[in-house]
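Each value in this text was obtained by applying a stated rule to the coordinates, not by laboratory testing. Keep in mind that this is a model prediction, so the values were computed, not measured. Note that each Cβ is placed from the backbone with ideal geometry, even for glycine, and that neighbours are counted across all protein chains shown.
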Amino acid sequence: MKNFYLVALLILCHLAMGQSRMVAKQIEDFNSKNLKFENFNLFTKSVDQKSAKYRSSASDVSVLDLNESELFDLVRQAPNLIQISVPYQDEIIEVQLYKQNVLTDDFKIVDESGNYHDYTPGKYYRGIVSGDETSLVALSFFKDNVIGVISSNDKGNVVVGKSTDREDYISYSDRNLMGENPFVCGVEHLEYNQNALDEISFDPSDNRASETDNCVRLYYEIAYQPYVQNDSSIPATLDWITGIQNNIGTLYDNDGINIAISMVKIWTYADSYSGSYEQILNQFMSHTTEFDGDIAHLINWPEATSAAYVNALCTDWNYAYSAISKYYEEVPTYSWTIMVMSHEMGHSFGSPHTHNCSWNGNNTAIDGCGPSAGYSEGCTGEIPEEGGTIMSYCHLTWTGINLNLGFGDQPAALIRNNINSKPCLSSDCVSDFNHCSFSVESLRTASLTNDTFQIEIIDQASQQWKCRVYPMGENPNDEWVFTDSSIFTIGDLTPHLYHEIEVVNVCDEGIIGNSRKTILLPGDFCDGTLFTDTGGQNGTYSANEHFIKTFYPSSPGDFVTLRFEKYGIQSNVDFLYVYDGDSTDAELFEGGTITGTQSTGPSFTSTHPTGAITIEFISNATLNLYGWEAYIECSALGIEEMSESFDVSVYPNPASDLLNIQSPKSKIQTFSLTDASGRVVMSKQLANHSGSIHIGHLPKGVYILTLKLDKQTVTKKIVKK
C-alpha cells in the first residue's frame, strides 16, 4: 500500500493550526452578498465503457464527455463567478469558483533563441466544492482544454484533464494511482544550504502577518522534454504550465502568499541540461544570469531528485529545479507536479523541511517523518496522525502528506515573514480577484436613436462607477465621468466614427477596480455614408470585439435597407447577426447570420414597425479578416403606383403575374426583388426607362422592389397576390 497520499490537494489550512481558509472565505463572502454564479454544463459522464482502459493507471477513473459549446461560451464570456459539475465515480461534484489572475501584467514568453511569442491565456478559476469549506478547487479553461484539481477530505485530490493519448477527459483521485510518486528532495545536500539551514530558527510566538504585502514574480524555464510531452507546441506548453500555476498559486494563496508568473522560457529543441540534479541546477544558474522574475525555476523531465536554494530571494542563489512528469502511464499527474513545484519554491522562500531542527521556538522538529524514513537530516519527532504538510517527508511514512494542511502554521508564517522582509520584491505584480476590483461583468448597449445610446452596467457588487468615451484607436483621455446609476445615456458623439466606452467600478475605499469596454457607432447612415467594420476600408476588425448598432430611418414612416457590397469574416468563428427590428430581441432575418467570405453580399429590408435594423458583431481572439462594406438606404415602403419624388411608376400593385415599371426622367439601370427575409429572389440589368417583371412563379406575399436609377435608388413595397 502506498505511503504517499496526496489527500485534499490545495485545501485551506487546518483550523487547529490557526490559518484562515482564504478561498472558502471569499466564496462565503460572494454568497452572503447573493452574487450570481453563472452555471456551465461542461461535463457529463460518458456512457461508453472506456474506463477499463485506464484501470492499470488508476483504479477509479471516470471518463467524461466535454460539451465543447459550453467550454467555448465559458472562455469567451469568462464571468467573474461560475459553478460547474464534474462527474466522479457515481457522484457529481458541484464546485463554485471565482476568476483569478496567475500572470503579471507584463508577462512574456521567449524560446531558447530569445524570440518572443504571443499567447492567449486561459481563464483561471479557484474556489471550493459547494458547501464544503474544507475543500479547495483550482480549474483552468482554455479553448480546447481543461486542467485542474478538485480536493476534499473525503475524495482526496480529484484530477481533471485529458488522458495521455488526448482521446478522453477523465477524473480520478490520486489516492488511487497504481504507482508511487517518485519525488525526492535534495535540498540538504547542496553546499550553500548547509549554512542557510543552520541559520533558521522559527519561534511561532513571534508577531507575524497573515498575508504577504509583497508579491513574488516567477520565472519558469521549461526544458525540452516537457515541451515534447505537450505535443511540441508552445501554446499547449503554456496552457499546461499556467494551469499548473493556477493550482500552485491557489495553494499559496490559501496561506496568504501572493505569487505570479512574470516570464516563461521554453526549449523547442534539445536543451543543454544533463547530469545529476546538483549539476543541472548549477548549469541552470550559469546559463540563466538574466531573467524577469524574483526566482528562476527550471522544470524538467523525467522524474528525479529536485532541489532549491533555501531563503534565496533577493540573493544570487534564487534558483530552483523541479523534475516532474506530466503523466503516469495513461493519466495526467497534475497533483504530483503541483506538489513538487510548491515544495521546492517553499525552500526558495525560506522554509526548511518540517523535520529540520528549526521550529517551535526551541529548535526542534514539527514532525519526525524524515528520520523515521531513514534520513539523517533533522531531529526526531512524532509522526502526525492527520498527515504531513507540504514541506514534510511524510510521504515516506504510513501517514502520507495531507495537503489540506497546506504548508502548516509555522512554515507558512516563516514564508510570509521572509517575503515581506525582502527589499527587492514589489507589491503589485498581480491584482488579486475580489468582489470590488472585478465587479463590472459586462456592458449592455442599446441604440435609442442613431446618435444616442443607453448603457447598462452589469455589476452585482458596486454602486459607483466612472466612465469615459473616446474615438476607437486613439489614446483615451483621463476625463472620467462619475455616475452612481447603472443605466445612463450617451450622445453628442462624432457621427460615422467608432467610439469605445470604458466603465470602471469604484470600491468603497475609493480605489478603482477593473474596467470593461464596448464599442459605439453613432450616425445616420441614410445619407449614403459607407458602413464598414472597425478597420475601415483598408484595415481589419480587431480581436474580441462585441458591439451592437441599430440603424433607424431618417424620417418617420421610412424603412431601412441594409445592403452588403462584400464581406470577409473568419468563417464559423466570427459572426455578424442582422435583426429585423430595433434590438437584438427582434427576429433574426433569414440569412441574417453572416460568416465567411463573399464578394457580393445579401440585402435586408426592415419590416419592423420602427423601420429599424439592428446588427451585432462578435469576433474571437484569433485571425481577423477585412470585415465588410455596406450601404444603408432609408425609403418609404408604402403601396403606391407613382413616386412623386422620382416620377417612377410601378403597376399593377398588387400584382399576380406581370409587374410594369416606368421611369420617364431617368433610366432604370438595374432592379432587384427581395422577399421579406431579405433574400434576393430576382435581379436584372435593364438600362432602359421601362420594363416588365414576371412574378407569377413567386409565392404570395410582400416583396421589396429596388430600382437603381442614374442618380438615386428607389425602393417600393410590392404585394404578390
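List of remarks:
- Distance from the range 183-245 to the range 81-140 (C-alpha centre basis), Å: 19 Å
- Dipole-positive endmost among Pro553, Ile487, Gly535 within the chain (Cβ charges, Cα centre): Pro553
- A DSSP coil position with no more than 15 other Cβ atoms inside 10 Å describes none of the trypsin sites (Lys or Arg not before Pro) in the range 199-270.
- Rounded to the nearest 10 degrees, the inclination of helix 68-77 to the longest alpha-carbon principal axis of the chain is 90 degrees.
- Taking 0.36 nm per residue of separation and subtracting the Cα-Cα distance, full extension of the segment from Asn31 to Asp213 would add 62.9 nm.
- Counting beta carbons within 10 Å around each of Leu281, Leu35 and listing the fewest first gives the order Leu35, Leu281.
- Helix 277-287 vs. the chain, principal-axis angle (Cα, 0 to 90°, nearest 10): 50 degrees
- Using a cutoff of 8 angstrom between alpha carbon atoms and counting only pairs six or more residues apart, the relative contact order for the range 252-317 works out to 30 percent.
- Dipole magnitude of the chain, debye to nearest 20 (Cβ charges: Lys/Arg +1, Asp/Glu -1, about Cα centre): 2380 debye
- Packing-based order for 140-147, 268-275, 532-539, using average beta carbon neighbours within 10 Å, highest first: 140-147, 532-539, 268-275
- Karplus (6.51, -1.76, 1.60) ³J(HN,Hα), θ = phi - 60°, over the range 140-151, in Hz, Gly and Pro reported as x: 10, 10, 10, 4, 9, 6, 9, 9, x, 9, 10, 10
- Leu74 sits among other residues whose Cβ lies under 12 Å from its own Cβ, and their net charge, with Lys and Arg +1 and Asp and Glu -1, is 0.
- Positive minus negative residues near Phe142 (Lys, Arg vs Asp, Glu; Cβ under 13 Å): +1
- When the C-alpha to C-alpha distance is required to be over 20 Å, the pairs from Lys566/Lys665; Lys25/Lys45; Lys50/Lys162; Lys123/Lys517; Lys162/Lys265 that qualify are Lys566/Lys665; Lys25/Lys45; Lys162/Lys265.
- Modelled FRET efficiency - R0 56 Å, Lys108 with Thr670, Cβ distances, 0.05 increments: 0.50
- Cα long-axis angle, helix 334-348 against the chain (0 to 90 degrees, to the nearest 10): 60 degrees
- Note on the range 141-178 and the range 347-424: Cα centroid distance 28 Å, given to the nearest whole angstrom.
- When each of the peptides 648-657, 44-53 is scored by the mean number of other C-beta atoms lying within 10 Å of its residues, the order from highest to lowest reads 648-657, 44-53.
- Simple point charges give the picture: +1 on the Cβ of Lys and Arg, -1 on the Cβ of Asp and Glu, and for the range 75-139 a dipole about the Cα centre of about 260 debye.
- Within the shell of other residues whose beta carbon sits under 14 angstrom from the beta carbon of Lys708, the net charge comes to +2, with Lys and Arg scored +1 and Asp and Glu -1.
- Here's the list of lysines a cross-link from Lys700 could span, going by alpha-carbon distance under 20 Å and ignoring same-chain residues fewer than 8 apart: Lys716, Lys717, Lys720, Lys721.
- Among 256-262, 322-328, the order from most to least packed when residues are scored by Cβ within 10 Å on average: 256-262, 322-328
- The range 382-495, relative contact order [Cα under 8 Å, separation at least 6], %: 16 percent
- Residue-averaged [θ]222 nm for the chain, counting only DSSP H segments that reach four residues, each worth -39500 (n - 2.57): -4000 deg cm²/dmol
- Here the contact order of the chain, divided by its residue count and restricted to Cα pairs under 8 Å and six or more residues apart, works out to 10 percent.
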